[in-house]
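So the structure is just underneath, and the comments pick up after that.
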Amino acid sequence: MSATVLKNISEIRRFFHRNDDPVYFISATNFNLLGLDEWVKNFKYICYIDCYGGKHPNVFCPSEQPHAEFQSIEDINNYLLQHKEVIDFIKRRGGKPKFVFLMFDEETERLSKELGADVWFPKAKLRTKMDNKIETVRIGNKAGVPSVPNVLAEVKSYENLRATCEKAGIGHDLVLQSAFGDSGHTTFFIKSEADFRRHEHEIIGEGEIKIMKRIDCRGSAIEACATKEGTIVGPLMTELVGFKDLTPYRGGWCGNEILSTAFPPKVRQKARELTFKFGEQLRKEGYRGYFELDFLIDKKTGDLWLGELNPRITGASSMTNHAAFAHADAPLFLFHLLEFSKKKFELDTSELNNRWANPDMIDSWSQMVIKHTDDNVDICTASPETGIYKMLEDGRVVFDRFDYHRRAVESENEAFFLRILQPGDYRYEGADIGILVTRGRSMTKAFQLNERAKKWIHGIKRTVDGKPLAVAEAGPALADPAFKIL
Amino acid sequence: MLWRAISEEQPGPKWAGLFNEYWPDYHRWWLKEGDKARPTYAQSRRALTTHMPEIVPLYDELCELAGGGDHAARFLSFDTPPAYLAGCSQAIWTGKEPVMVRNYDYKANAFDSLVLHTGWQGRRVMGTSDGLWGLVDGVNDAGLAISLTFGGRRVVGTGFGVPLILRYVMQTCETAEEAGKVLARVPTHMSYNVTVLDRKRNYLTAMMAPDRPAIITHAAVATNHQENVEWVSHARFTATVERERFLLQRLTLHRDPEEKFIGAFLKPPLYSTAFNAGFGTLYTAVYRPRKREMELRWPGTVWPLSLNEFVEGGRHVRVPGAA
């Protein structure tokens with residue numbers, strides 16, 4: 001490749017169009033960076049779950065696999081990087097490999113080095129530090145991005161928690177978060193001693209905990225990329241949170257919507273400004289590249305509070321990277337790759353940010369992550385495959401055609417479904433069934449699931465089937481007190 | 001399986017009878033790597049004196065009742081016995097009353113199926129017996145309950161077989177805090193997760209191992225791994241991660257009444273009938289330390305036992321798939 005400086009979006013796009021070095025996204029599925037292979041030559045996905053049944057040309061899954069017993073995405077990635085088929089695949093394709101991940105740890109870095117690959121993210125150690133919710137508050141404070149009224153403290157007992165909150169003046173209707181964790185697993189709503197007991201094993205002995213006053217708010221997400229030329233900010237998205245049709249986790253993330261009018265212009269503008277400031281502070285802290293912020297928007301006042309920072313790509317990245325601006329200019333993640341490519345570039349980030357702030361740059365989409373929400377366990381015998389689905393007049397949802405492009409969805413009567421749960425898998429409360437992407441909104445103005453979304457969820461779920469696990473029966477007590485007397 | 005519940009205030013003829021009955025099998029097992037693979041009597045007694053001095057007089061008394069032989073005494077010391085594994089799940093109910101529920105997953109033919117109620121050394125203890133005076137779960141008159149699960153690690157080292165460590169805790173401790181100190185201190189020869197729950201609803205789980213210091217956690221759930229899965233095939237085989245995830249979800253997502261919570265242990269995925277593969281659920285035990293009560297349960301059956309009003313008895317239990 002030429003050593004010249006890339007001077008505009010057109011040259012950046014061409015640069016990736018002709019990219020020689022193999023770039024790999026290694027993760028459980030390719031969902032987060034869906035479609036990026038079409039912007040970057042030599043971009044491949046290495047995945048644990050084949051959502052496409054072998055039909056996606058750029059997805060590679062090792063064929064010989066144990067049944068899932070992983071505790072985290074990091075575990076999956078570390079497993080993949082040691083798999084012979086994966087190693088052979090990377091070696092066979094040659095070049096100097098570049099790896100991107102959703103999650104990784106120091107072991108992943110070590111394994112990547114063994115394979116002669118560069119990890120195109122800041123170091124795991126720095127990311128872990130930034131990911132810590134308590135550190136996020138501190139960075140936000142430095143950047144002038146305020147967090148919900150909170151106190152950071154260790155919790156020893158319920159009495160101790162009450163005392164801490166009284167001192168901090170944040171009342172007793174609380175949201176607690178431990179330093180790490182996501183999607184509702186480590187967010188606890190605590191109002192009473194009984195609430196506390198349910199979660200005490202996750203709170204006591206976990207070190208400093210973020211204790212917040214519970215506010216009546218809407219969740220929102222915004223993604224950005226910190227580059228040497230400044231922070232580039234994506235659109236403000238709504239968050240789907242805790243809907244019972246989608247997730248058993250109270251407060252758990254279950255999707256997003258992107259639409260230009262989801263929030264008033266003032267709120268959108270404010271969120272963009274705060275995200276920019278936060279990104280500039282991240283650069284000062286040594287972090288660069290892609291990140292996501294959650295903002296909590298007070299329903300009454302419209303005030304914006306910093307919820308959390310994810311120093312990585314996220315479940316919403318697919319939304320950001322398929323927005324209209326991404327097609328008009330380039331997906332946000334392309335700037336992340338650019339930042340790590342060591343290629344020289346010049347970019348007027350404020351011009352870009354202004355353009356992306358234009359409502360015309362957004363068309364309306366939503367995604368829903370559908371989990372098994374029933375309180376039972378069985379083995380999946382049937383689940384809908386990846387592709388385009390149609391909703392019939394009578395509300396039934398039927399498979400129409402295979403596709404791996406979400407833009408292939410033509411109307412609001414069609415949807416793209418990405419399969420995660422496969423026949424043979426355990427189906428338990430909280431297991432991911434798949435992700436449904438539709439055009440248009442899935443929530444009402446009051447941020448409740450709309451009728452159309454409910455129909456889609458129901459339509460997908462009714463095509464999932466399972467068989468019960470074998471149930472044991474020990475006979476009732478054969479009362480026989482005359483046991484062998486010694 | 002013939003299950004028996006036996007009470008004897010002080011070591012005596014009943015215990016001696018039990019010893020005679022179980023000893024031939026235990027002797028064969030204990031000798032399976034040869035006599036030289038096991039510590040000597042002198043070493044074993046010294047180990048007991050160093051780590052569990054309070055129960056040495058009781059040990060001496062039991063050795064006497066067992067006939068005073070060298071092998072029997074070495075076996076009864078639980079000092080670095082042959083390796084053994086088990087499955088198991090255990091959890092503390094999140095309601096107000098202190099309640100601990102556990103499944104014991106093991107081979108049916110290598111299990112004592114015996115509840116022992118004793119008043120040894122002036123302390124009343126009842127629990128599920130292993131190796132004649134060891135325990136795999138139990139409760140004492142101070143209102144402290146205890147239970148173990150295998151820690152899912154292959155490492156075998158020098159230390160005590162864990163059932164004796166549980167017995168020692170029952171004989172000498174009154175609170176979860178005291179038990180935590182003992183569990184952190186006494187060496188174990190394999191990895192185990194030991195959960196204790198006291199009458200004030202304080203609890204802790206000690207992740208014990210022969211090759212590293214015990215980790216004392218506030219975990220309310222323990223299955224067959226410690227902080228990370230290390231022995232992948234065992235983990236997969238016993239579905240330890242699934243069971244843990246399932247239990248954690250039960251604890252945090254549901255407001256299960258006590259009965260419903262206990263019921264979850266008697267159904268898959270916690271309840272296992274994989275006996276042909278080596279391990280199945282032999283029983284579910286429920287401990288209520290404040291009331292000094294325990295129950296043994298099988299699907300459709302509840303056998304209540306009380307520390308203060310203990311009634312001896314027996315039952316034939318037919319667990320499908322178990323020989």
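The values are calculated or read from the model by the stated rules, or taken from the named source; none is laboratory data. What you see is a predicted model, and the numbers here were worked out from it, not measured in a lab. Here the Cβ positions follow ideal geometry from the backbone for every residue, glycine too, while neighbour counts run over all protein chains shown. Protein only, heavy atoms only, side chains kept; ligands, DNA and RNA dropped before computing areas. Shrake-Rupley method; radii C 1.70, N 1.55, O 1.52, S 1.80 Å.
Things to note:
- Subset tally (residues that are surrounded by fewer than 22 Cβ atoms within 10 Å (Cβ to Cβ) and either touching a strand residue (DSSP E or B) at 6+ places or on another chain (Cβ under 8 Å) or of a type in the set (Phe, Trp, Tyr) (or both)) for the range A:17-27: 3
- The single condition among (1) in contact with a strand residue (DSSP E or B) (Cβ under 7 Å, 6 or more places away or on another chain); (2) free of Cβ contacts under 8 Å to residues at least 24 places away in the same chain; (3) hydroxyl-bearing (Ser, Thr, Tyr) that A:THR301 does not satisfy is (1).
- Only one of A:THR128, A:THR164 that is under 24 Å from A:PHE278 (Cβ atoms) and hydroxyl-bearing (Ser, Thr, Tyr): A:THR128
- Checking A:LYS156 against (1) charged (D, E, K, R); (2) within 30 Å of A:LEU246 (Cα to Cα); (3) open to solvent by 50 Å² or more (accessible area, probe 1.4 Å); (4) within 14 Å of chain B (Cβ to nearest Cβ), the condition it does not meet: (2)
- Selection from the range B:312-323 of residues that are within 7 Å of another protein chain (Cβ to nearest Cβ) and open to solvent by less than 80 Å² (accessible area, probe 1.4 Å): B:GLY313, B:GLY314, B:ARG315, B:HIS316, B:VAL317, B:VAL319, B:PRO320
- Filtered residues of the range A:263-316 (kept if more than 26 Å from A:THR128 (Cα to Cα) and open to solvent by 20 Å² or more (accessible area, probe 1.4 Å)): A:PRO264, A:PRO265, A:LYS266, A:ARG268, A:GLN269, A:LYS270, A:ASP298, A:LYS299, A:LYS300, A:THR301, A:GLY302, A:ASP303
- Selection count, the range A:135-160, where residues are in contact with a strand residue (DSSP E or B) (Cβ under 8 Å, 6 or more places away or on another chain) and within 22 Å of A:LEU296 (Cα to Cα): 14
For (1) over 13 Å from A:THR187 (Cβ atoms); (2) open to solvent by 10 Å² or more (accessible area, probe 1.4 Å); (3) more than 14 Å from chain B (Cβ to nearest Cβ), each residue gets a yes or a no:
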{"site": "A:GLU208", "(1), (2), (3)": "yes, yes, yes"}
{"site": "A:GLY219", "(1), (2), (3)": "no, yes, yes"}
{"site": "A:GLU229", "(1), (2), (3)": "yes, yes, yes"}
{"site": "A:LYS244", "(1), (2), (3)": "yes, yes, no"}
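- Restricting attention to the range A:364-385, the residues that are out of contact with any Pro (no Cβ under 9 Å at 6 or more places or on another chain) and either among the small types (Gly, Ala, Ser) or without any contact (Cβ under 8 Å) to a residue 60 or more places away in the chain (or both) add up to 2.
- Meets criteria (open to solvent by less than 10 Å² (accessible area, probe 1.4 Å) and over 23 Å from B:ILE55 (Cβ atoms)) for B:THR223: yes
- Some residue of the range A:135-144 being acidic (Asp, Glu), open to solvent by 40 Å² or more (accessible area, probe 1.4 Å), out of contact with any Gly (no Cβ under 6 Å at 6 or more places or on another chain) and at pLDDT below 95: no
- Being within 14 Å of chain A (Cβ to nearest Cβ) and modelled with pLDDT of 95 or more holds for only one residue in B:ALA176, B:ALA220, and it is B:ALA176.
- Number of residues in the range B:118-138 that are open to solvent by 10 Å² or more (accessible area, probe 1.4 Å) and in contact (Cβ under 8 Å) with a residue 60 or more places away in the chain: the value is 2.
- Positions within the range A:223-242 being closer than 18 Å to A:LYS299 by Cβ and part of a strand (DSSP E or B), in sequence order: A:LEU236, A:MET237, A:THR238, A:GLU239, A:LEU240, A:VAL241
- If you check A:LYS96, A:LYS91 for being surrounded by fewer than 15 Cβ atoms within 10 Å (Cβ to Cβ), over 19 Å from B:GLU227 (Cβ atoms) and in contact with a strand residue (DSSP E or B) (Cβ under 8 Å, 6 or more places away or on another chain), only one passes: A:LYS96.
- A:ARG197 fulfils the conditions (1) of a type outside the set (Val, Ile, Thr); (2) open to solvent by 40 Å² or more (accessible area, probe 1.4 Å); (3) in a helix (DSSP H, G or I) except for a single criterion, (2).
- Hits in the range A:331-342 (condition: modelled with pLDDT of 95 or more and in a loop (DSSP other than H, G, I, E, B)): A:PRO331, A:SER341
- Residues of the range B:175-216 satisfying the condition of being of a type in the set (Val, Ile, Thr) and open to solvent by 30 Å² or more (accessible area, probe 1.4 Å): B:THR175, B:ILE215, B:ILE216
- Residue match in the range B:84-107 (condition: open to solvent by less than 20 Å² (accessible area, probe 1.4 Å) and in a helix (DSSP H, G or I)): no
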